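Okay, structure first, notes after.
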């Protein structure tokens, strides 16, 4: 297993900068994460499992995680209403670094300085959504049908 | 759909900007009109470049509310941005903000900051260890920690607690936080 490449005539370029395995149907609390990937939020030292959800408008972080991040998430622009699969919630948009973790020997981590909704009402998993996060990175999933290893590939859009 | 198309799909709450952009690109390639203009919900837009950086607004805009005339004070601008964001018109909110100078108000500058497109950078190394051991530990032991947070590192339990914040605090104090993987164990 290795990186993904793009080929144009005889030139090959790295498409992905890192990759790691991911979990499917992982249960967390009351919730089931269809695709769970590992990430680090802000400068937190621990690693979290997050739901990768291309259908989610925004990434979402719960109140406890925000409490650990403390001042790092910066001021809020005021609360907004958001529709989630758990119903309507209130939350505020903040800018934060989220790092996707590559496994050893599988390239490099990728940090995205993006936008998340911080909601104290949210008791679900950390969600990585499209707006403010996925819209400027490459992602690909190999479901591991042939070699039984599920792999999440990622890379920056800009060189 | 040549000339100045009126995109009816913009009113549908089920269309998001991503899907709308694709339709505009198709049309843009075929559109031979010189001024590259389209109308949406009573407002006209003229583009000097490809429209995929200016997606179709979803939120209906009244003809009288053209940008730069009725939005001179910060409160109205902020209300408009908030409404666009809540209705899913993120691209439109970004475009709207691009018309407004920096420094109108701190809150608007904050909106500009949080709605800016994300930036990515590759780090110098990989820091994610293989988590097969952690996954295996969860399969065998998680039933003992129902409704709790557990912290694992390479299949070793570092600690558990009902509160994530408290578990974080304890591990930090013990110097065991780096590389710890946090899981919320399944509830019954």
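Quick rundown of the values:
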| read-out | value |
| --- | --- |
| Residues of region B:81-115 classified as within 12 Å of chain A (Cβ to nearest Cβ), touching a helix residue (DSSP H, G or I) at 6+ places or on another chain (Cβ under 8 Å) and farther than 20 Å from residue A:58 by Cβ, total | 1 |
| Set B:140, B:117, B:83: member being surrounded by fewer than 12 Cβ atoms within 10 Å (Cβ to Cβ) and at pLDDT 90 or above | B:140 |
| Which numbered condition residue A:43 misses (of (1) touching a strand residue (DSSP E or B) at 6+ places or on another chain (Cβ under 6 Å); (2) under 30 Å from residue B:174 (Cα atoms); (3) part of a loop (DSSP other than H, G, I, E, B)) | (1) |
| Test: residue in region A:116-130 that is over 24 Å from residue A:32 (Cβ atoms) and in contact with a helix residue (DSSP H, G or I) (Cβ under 9 Å, 6 or more places away or on another chain) | no |
| Check on residue B:186, at the interface with chain A (Cβ under 10 Å from one of its Cβ atoms) and closer than 30 Å to residue A:78 by Cβ | no |
| Given (1) at the interface with chain A (Cβ under 7 Å from one of its Cβ atoms); (2) over 20 Å from residue A:51 (Cα atoms); (3) surrounded by 14 or more Cβ atoms within 10 Å (Cβ to Cβ); (4) out of contact with any helix residue (DSSP H, G or I) (no Cβ under 6 Å at 6 or more places or on another chain), index of the condition residue B:129 fails | (2) |
| Pair list, Cβ under 6 Å, 6 or more apart: region A:58-79 residue facing chain B (nearest Cβ under 7 Å), other residue outside any loop (DSSP other than H, G, I, E, B) and surrounded by 18 or more Cβ atoms within 10 Å (Cβ to Cβ) | A:64/B:164; A:68/B:168; A:77/A:93; A:77/B:110; A:77/B:111; A:77/B:114 |
| Region A:52-63, residues that are surrounded by fewer than 19 Cβ atoms within 10 Å (Cβ to Cβ) and touching a strand residue (DSSP E or B) at 6+ places or on another chain (Cβ under 9 Å) | A:54, A:63 |
| Test: residue in region A:95-104 that is at the interface with another protein chain (Cβ under 9 Å from one of its Cβ atoms), in a helix (DSSP H, G or I), in contact with a strand residue (DSSP E or B) (Cβ under 8 Å, 6 or more places away or on another chain) and buried (at least 19 other Cβ atoms within 10 Å of the Cβ) | no |
| Which listed residue, of B:177, B:157, is more than 9 Å from chain A (Cβ to nearest Cβ) and not in a helix (DSSP H, G or I) | B:157 |
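The values are calculated or read from the model by the stated rules, or taken from the named source; none is laboratory data. Bear in mind the structure is a predicted one, so any value in this text is a computation, not a measurement. Please note: Cβ atoms are built from the backbone with ideal geometry, for glycine as well, and neighbour counts cover all protein chains shown.
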